[in-house]
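A quick write-up on the structure given underneath.
The values are calculated or read from the model by the stated rules, or taken from the named source; none is laboratory data. These figures come from a predicted structure and were not determined experimentally. Reconstructed Cβ throughout: ideal geometry from the backbone, glycine too, with neighbour counts over all protein chains shown.
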Amino acid sequence: MDTDPLSARHVAEYPYCPRVFYLMEVEDVFVPSVDTEKGKRVHRRVHKPGADVDDETDRPQAVRSLALTSDRLGLTATLDLARIDGNVAIPIEYRKGRPRSL
């Protein structure tokens, strides 16, 4: 039986709260908050697909809204931005708030 891949974002919810994961992934229930609505507005700008290309090499230096899917893992995700350095892609995600102090 073929199934759609799980959203990596929803899977990340599971350790935080299995009930939230169930509601989002199984019941398709999501109640937006002020923070999630603000995040949607930010990501509308961020997720305009495109690439910044190095004119000399015609290779991308950065790719916005990069969709990644693994059939083997059954997961899908969309990166906000991936910076390209040679053969290495460095994912960059936009988040609200500040990093925690260690």
Picking from ARG41, ARG19, ARG64, the residue that is basic (Lys, Arg), surrounded by 11 or more Cβ atoms within 10 Å (Cβ to Cβ) and modelled with pLDDT of 70 or more would be ARG64
When restricted to LYS48, LYS96, the only residue modelled with pLDDT under 80, farther than 25 Å from PRO5 by Cα and surrounded by fewer than 16 Cβ atoms within 10 Å (Cβ to Cβ) is LYS96
